[in-house]
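A.B. asks: Structure provided below as C-alpha cells; questions to follow.
Only the coordinates and a few stated rules stand behind these numbers; no lab work does. Not measured: the values here are computed from a predicted model. Here Cβ is always computed from backbone atoms with ideal geometry, including for glycine, and neighbour counts include all displayed protein chains.
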C-alpha cells in the first residue's frame, strides 16, 4: 500500500511532463528547429493567464473591476483559452524571424531562439517584475481531498486530467484531420509536401504557433504547482528536450511514453532515494540512449545495423 | 566579463548545408546535438556595472560583486547586490574611500560553484578587484573563497549560511556575515520541540548548506531527547514535491524542519498549502530569506522561521534605512528591504569603514581591523551588539524567530517577530573547533 500512492503520483507527474514536451516535439519534428524559447513561452503563458484571471497594477484599469466581477471559474476558463492563443501569436513573430535560418547551420536557429528566450524572460521581468506571483484558482479545483489516510491536491488531479485530455485532443487532431495529415507529412518530407502544392511557409507558421501555444497552455496548467517567476521556463525546457529525445524524435506516443517513464522514475526515486530524484531522469536517459540511440520509438536510420 | 571582451569574436560565416533542401536524419541529429550544447549554456550573460567613471587623479577602488543573477538564488543575489551598491553609493557621495572613487563590477555567479571560481579568478587577475563581496549559495561562496585565499583577496560572504563557511571551510580572507544554520537551529529547536513534539523529519536541500544545517538540527534534536525519524534530501531545482509530501503523510511526523532555500522553498510552500499539510504538522524553516517569501500569499507563509533582520523592527535607524532604500531604488517590485539586502549593505559598509580606518587596502591590515570587530546594536539596527569572531570570522549577531503576521500594521508587514536571541546564546560551538584559519604569513599579501 505504501508503493501505490507513489506509482499514481509518478503517472500524474508523467502526464504533466508530457504536456510540457508535446509542443516542443511538434516544432522539432516538422521544422528541425530546437526551440530554446519553449520554456519562455511556457512562462509567458503563466503570466498571460494571470493577466486574464486577476489583472493588477498597471493592467487594472476601470474595466478590470467589471471583469473581476465575473466568477473566477469563467475567468480561469477564458485564461485557458486566451493564454495559448496570445502565446501562439507571439510565437508566430518568432517563426517569421526564424525563416532566414531554415536550411542553414542549426546553430543559427539555436542562437535566435536562445536570444528570443532571453528577450521574453526579460520582457516578463520588465512587465510583471521578478517577484513570485500566484495564479488564483476556482474553489472547485483548489484545496485537497482524502483517499484512505492520504491527502491529495484537487488541483493536481485536475491538471493531470486536463493534460490527458490535451494529449488526446492533439492526437486526434494529428491522426484524424487532414491538417494533421499534412503536418505529419511535412515532418516526414517537407519538400514533397511543398511539391504537392501545400504552402510550406504557412504550414510551418501554423505548427510553430501550435507548438508554442501548447507550451503556453502547459504554463497555465503548471503555474499553481511550480509557481510563477520569470525564469521558470528553464525548468520546463530541459525535461522537454530530454523527453523528446528519449521517446524518439518525431514520435507522438514516444514522447508520451517517455514522459510517463520519466514521471515514474522521478516520482519513485523521490520517495525511496530522494537525493536521486532529479538525477534519475538523466540516468534513465543515458541508459536508454546508450543502447538505443534513436530513443524508444525513433525511426531506424539506414546507418543502423 | 566586460562587454568589450564578449565582442571579440568575428561573426560566423553563413554556410549552406545539405539540409537546406534535403532534410535528413543527420541534419536533425546535428540540430539536436547543437541543441544540447545550447541548452547546457542556457544562462544569462555576465554583466559589467560601472557605477562611477574613472577618477582623473587616483585609481578607482574596484569591488567585485560576486552575486547570483541566475539560477536558484537569482532573486536573493539581486537583492544583496543592491544592498552592496547602496553602501558603495553612500561612500562615493562622501568622496569615496582613501580619496579613491569606488567602482563595482558585477558578474553572475549563476548559483554554480564552478562559475563562482571562474568569476573570482577573473575579477582578481583581470579586473583588478581589491575586494570580493557576495554569496548566497554556500557551494558558490566556498568556491570563491578558495580562489580569494590563493591570492590573499578579502572576500565577504554576505548571505550564505552553511555552518561550514565559518567552520571547516573558513579562510583568513573570508568573513561570513549571515547567521548560520547552527545559530538558527540553536534559537529554535528546543522551543519547537516543547511546543510541537519529539518526532521530526528533515527536508534538506541536497547541497552544502542544507546538509550542514540539517546536521546541526539533528544534533540538537537528539541532544534534547527528540528523534529524527527520516531525512528527505531535496535536489536543488526541484519543482514537484508531491512524492515528498506523500512520504511525509506516510511517516506522520510531529515536526518538519526544512533547510530549503531559493526557488525550491517557494514551490514547496505552495504545494504544502495545496494539501493543507501546514495544518497537519508543525513546520520550521531554518532561515527564511525575504526575497523567497515576498509575493507569496498569506497562507503560504506558514510555520516558524529564522531571520536576522526585518523592516519593521522597532529599533533606531530602521525606518530611515527603509526610506533610503525606497529613495535610491524607487518602483522596486520588492517594496521594502529584507534580510538579504540588509546583509549586503552592512557588510559592504563595514568593509569600507575598515579600509578607511586602516588607511590602506593592504589585506592583512584590513583583516586585522575586521577580526574581533565590535558593532553596536544601534549601528546594525538589531537587538544586540554584534562581533566578528576572530577565530572563525563569522559575524555573531542577533537571531530572530518569526512567523506570518496575521495582523499586519502596514502593507508588506508579513512577519510577526516572535523572539530575538542574544548572539552568545546561539553560538555555533562546532565552528571554532573545525575552523583552522591560515596564518597571516601563509596568506599572500594583496593590495590593489
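A.B. asks: With 10 angstrom as the radius, rank B:215, B:266 by how many other C-beta atoms surround their C-beta, starting from the fewest. Walk me through the intermediate numbers first.
C.D. replies: Numbers: B:215 21, B:266 26.
Fewest-to-most ranking of B:215, B:266: B:215, B:266.
A.B. asks: Where the centre of each part is set by its Cα atoms, how far does region B:90-119 sit from region A:140-182, in angstrom?
C.D. replies: Centre-to-centre distance over Cα atoms comes out at 49 Å.
A.B. asks: Here's a follow-up. By average Cβ neighbour count within 10 Å, what is the ranking of B:181-188, B:219-226, B:281-288, A:8-15 from highest down? Can you show the working numbers first?
C.D. replies: Details: B:181-188: 27.6, B:219-226: 15.2, B:281-288: 24.6, A:8-15: 22.2.
Highest-to-lowest ranking by the protection proxy: B:181-188, B:281-288, A:8-15, B:219-226.
A.B. asks: Roughly how many Å is it from the Cα centre of region B:227-278 to that of region B:144-204, as a whole number?
C.D. replies: Using only Cα atoms to place each centre, the spacing works out to 21 Å.
A.B. asks: Still on this structure: Multiply the residue gap between residue A:192 and residue A:99 by 0.36 nm, knock off their C-alpha separation, and tell me the result in nm, one decimal place. Working shown, then result.
C.D. replies: On the way: separation 93, 0.36 × 93 = 33.48 nm, distance 1.87 nm.
This chain segment gains 31.6 nm when fully extended.
A.B. asks: When chain A is modelled as a GNM with alpha-carbon springs shorter than 10 Å, which of A:229, A:104, A:204 fluctuates the most?
C.D. replies: Per the Cα network of chain A with a 10 Å cutoff, A:104 tops the list.
A.B. asks: Kindly identify region A:24-231 as rounded, prolate or oblate by the Cα gyration tensor criterion: order the square roots of the eigenvalues as a ≥ b ≥ c, call it rounded if a/c is under 1.5, otherwise compare a/b with b/c, prolate if a/b is larger, else oblate. Provide the component values of the computation, followed by the final result.
C.D. replies: Numbers: a/c = 2.10, a/b = 1.53, b/c = 1.37.
It comes out prolate by the Cα gyration axes.
A.B. asks: I need to check one value: relative contact order of chain B, counting alpha carbon pairs closer than 8 Å and at least 6 residues apart, in percent.
C.D. replies: Numbers: 900 pairs, mean separation 76.7, N = 448.
Relative contact order comes out at 17 percent.
A.B. asks: Next question. Restricting the count to DSSP beta bridges whose residues both fall in chain B, what percent are antiparallel, rounded to a multiple of 5? Mind dumping the intermediate values first?
C.D. replies: Working: 15 of 48 bridges.
Taking every DSSP beta bridge with both residues in chain B, the antiparallel ones total about 30 percent.
A.B. asks: Across peptide A:127-133, how many C-beta atoms of other chains are within 10 Å of each residue C-beta, on average?
C.D. replies: Details: counts 0, 1, 5, 9, 11, 15, 3.
Neighbouring Cβ atoms belonging to other protein chains average 6 per residue here.
A.B. asks: Which of the three applies to chain B, rounded, prolate or oblate, going by the alpha-carbon gyration tensor with a ≥ b ≥ c and a/c under 1.5 meaning rounded? Mind showing how you got there, number by number?
C.D. replies: On the way: a/c = 1.63, a/b = 1.09, b/c = 1.49.
Oblate, because a/c is 1.5 or more while a/b does not exceed b/c.
A.B. asks: Could you work out the relative contact order of chain A? I mean the mean sequence separation of Cα pairs under 8 Å and 6+ apart, divided by the number of residues, in percent.
C.D. replies: Working: 458 pairs, mean separation 114.5, N = 305.
Answer for chain A is 38 percent.
A.B. asks: Let me ask you something else. Test of understanding: what is the full-extension gain from residue B:417 to residue B:442, defined as 0.36 nm times their sequence separation minus their Cα-Cα distance?
C.D. replies: On the way: separation 25, 0.36 × 25 = 9.00 nm, distance 4.38 nm.
Taking 0.36 nm per residue and subtracting the Cα distance, the gain is 4.6 nm.
A.B. asks: Which value in deg cm²/dmol, rounded to the nearest 500, describes the helix-derived mean residue ellipticity at 222 nm for the protein assembly as shown, given -39,500 (n - 2.57) per DSSP H run of n ≥ 4 and division by the residue count?
C.D. replies: -17000 deg cm²/dmol, from helical runs alone.
A.B. asks: Could you give log10 I(q)/I(0) at q = 0.10, 0.12, 0.20, 0.24 Å⁻¹ for region B:143-249, computed by the Debye formula over C-alpha point scatterers of equal weight, without solvent?
C.D. replies: Rounded to two decimals, the profile gives -0.37, -0.51, -1.04, -1.24.
A.B. asks: Roughly how crowded by other chains is peptide A:111-120, in terms of the mean Cβ count from those chains within 10 Å of each of its Cβ atoms? Display every interim value, and only then the final one.
C.D. replies: Values: counts 3, 0, 2, 5, 0, 0, 2, 4, 0, 0.
Rounded to a whole number, the mean comes out at 2.
A.B. asks: Enter the mean number of other protein chain beta carbons within 10 Å of the beta carbon of each residue in A:150-162, as an integer.
C.D. replies: Working: counts 5, 8, 6, 10, 2, 3, 5, 0, 0, 0, 0, 0, 0.
Other-chain Cβ atoms within 10 Å of each residue's Cβ, averaged: 3.
A.B. asks: So, one more: Based on the Cα gyration tensor of the protein assembly as shown, what are the three equivalent ellipsoid semi-axes, each the root of five times an eigenvalue, rounded to whole Å and given largest first?
C.D. replies: Numbers: eigenvalues 403, 198, 118 Å².
Calculated on Cα positions only, the semi-axes equal 45, 31, 24 Å.
A.B. asks: Listing B:104, B:199, A:66 from the residue with the fewest other Cβ atoms within 10 Å to the one with the most, what is the order?
C.D. replies: Listing B:104, B:199, A:66 from fewest to most nearby Cβ atoms yields A:66, B:199, B:104.
A.B. asks: Mind checking which of A:167, A:34, A:286 has the largest fluctuation in a GNM of chain A, springs on alpha carbons under 10 Å?
C.D. replies: The residue with the greatest mean-square fluctuation here is A:286.
A.B. asks: Let me ask you something else. Report the label-to-label distance for residue B:314 and residue A:177 in nanometres (one decimal), using points 7 Å from each Cα along the Cα→Cβ vector.
C.D. replies: Taking the simple label geometry, residue B:314 and residue A:177 are separated by 6.5 nm.
A.B. asks: Then there is this: Classify region A:1-63: rounded, prolate or oblate, from the alpha-carbon gyration tensor (a ≥ b ≥ c, eigenvalue square roots; a/c under 1.5 rounded; otherwise prolate if a/b is larger than b/c)?
C.D. replies: Working: a/c = 4.32, a/b = 1.32, b/c = 3.26.
Because a/c hits 1.5 or more and a/b fails to exceed b/c, region A:1-63 counts as oblate.
A.B. asks: Just to be sure I understand: with springs between alpha-carbon atoms less than 10 Å apart, which residue in B:334, B:246, B:367 has the highest mean-square fluctuation in the Gaussian network model of chain B?
C.D. replies: Comparing B:334, B:246, B:367 in a Gaussian network model of chain B, the most mobile one is B:246.
A.B. asks: Multiply the residue gap between residue B:356 and residue B:328 by 0.36 nm, knock off their C-alpha separation, and tell me the result in nm, one decimal place.
C.D. replies: Values: separation 28, 0.36 × 28 = 10.08 nm, distance 2.40 nm.
Roughly 7.7 nm would be gained on extension.
A.B. asks: Using Cα centres only, tell me the gap between region B:284-349 and region B:379-437 in whole Å.
C.D. replies: About 14 Å separates the Cα centre of region B:284-349 from the one of region B:379-437.
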